[in-house]
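Report on the structure given below.
The values are calculated or read from the model by the stated rules, or taken from the named source; none is laboratory data. Because the structure is a prediction, the values reported are computed rather than measured. No Cβ is skipped: glycine too gets one built from the backbone with ideal geometry, and neighbour counts run over all protein chains shown. Surface areas here come from the heavy atoms of the whole protein model, side chains and all, with no ligands, DNA or RNA. Shrake-Rupley method; radii C 1.70, N 1.55, O 1.52, S 1.80 Å.
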Amino acid sequence: VWAAPGQYGPFGTLGFSPETSTLPFRVDGVLPRTKKDKQPPWSSEIETKTFYVDLPGNAGPVAEAAFFHKDTKTLFVTDAVSWIPRLSRAPNIFRTSFDDKTYDNDDFWPKSVLQAVFLSLRKDGQRWPGYDAITDKVVRAPILAAFADIRAPSETIAWIDDVCRWPFERVVTSHFASPIAA
């Protein structure tokens, strides 16, 4: 397991080397912040770019990783962007965790999406304006905008510019629908 630097939470923390980990699983490496840092064993096939800022007033540091698979020209991102499809129902996988009454509720999927991306659950009549605003397009996670983009704009822009130099043709995201054509 390789993890982004600066992880923190109720289950443990991770600094800038595996030896600092108090996470409840083995950490083999910490994703590099610079080319001088130890590179992962897959670096000849997959390049890594790590965004990291630790700003006063945040609950902790913000880290984001992007990976470029050279042979397939595929960009992999964790939370940098998502494509959220506008669906009338949640994907069937949700049936494994929710009863039929919950799953079949018309509000279930829009509310689930909004909660997942930390947007308010404001409803306007029969519509969820936040859901309408973020579906069927590439969106930046609002949580990253709040805790990184707005507060560290030059670092964010530098990282995005750096990632955009890769000649990727598709993007695979960690959340919602993938792949996305570049």
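Label-to-label distance, Lys38 versus Ile150, with points set 7 angstrom from Cα along the beta-carbon direction: 3.7 nm. Residues in the chain average 59 Å² of solvent-accessible surface per residue, probe 1.4 Å, ligands and nucleic acids excluded. In this Cβ point-charge picture (+1 for Lys and Arg, -1 for Asp and Glu), the chain has a dipole of about 120 debye about its Cα centre.
Within the same chain, lysines fewer than 8 places from Lys38 are excluded, and of the rest, those with a Cα less than 21 Å from its Cα are Lys49, Lys70. Ignoring solvent entirely, what values of log10 I(q)/I(0) come out of the Debye formula for the range 28-94 at 0.24, 0.26, 0.27 Å⁻¹ when each Cα is a single scatterer? Each listed q corresponds, in turn, to -1.06, -1.15, -1.20. Counting protein heavy atoms only, the range 69-182 has 57 percent of its accessible area on carbon and sulfur, 1.4 angstrom probe. When exposed loop sites are taken as trypsin sites (Lys or Arg not before Pro) in a DSSP loop with at most 15 other Cβ atoms within 10 Å, the longest stretch of the chain clear of them is 90-121. Against the main long axis of the alpha-carbon atoms of the chain, helix 153-164 sits at an angle near 90°. Straight-line cross-link partners of Lys101 among the lysines, defined as a Cα under 23 Å from its Cα and at least 8 positions apart when in the same chain: Lys111, Lys123. With all protein chains in place and ligands, DNA and RNA left out, the 1.4 Å accessible area ranks Trp2, Trp159, Trp83 as Trp83, Trp2, Trp159, largest first.
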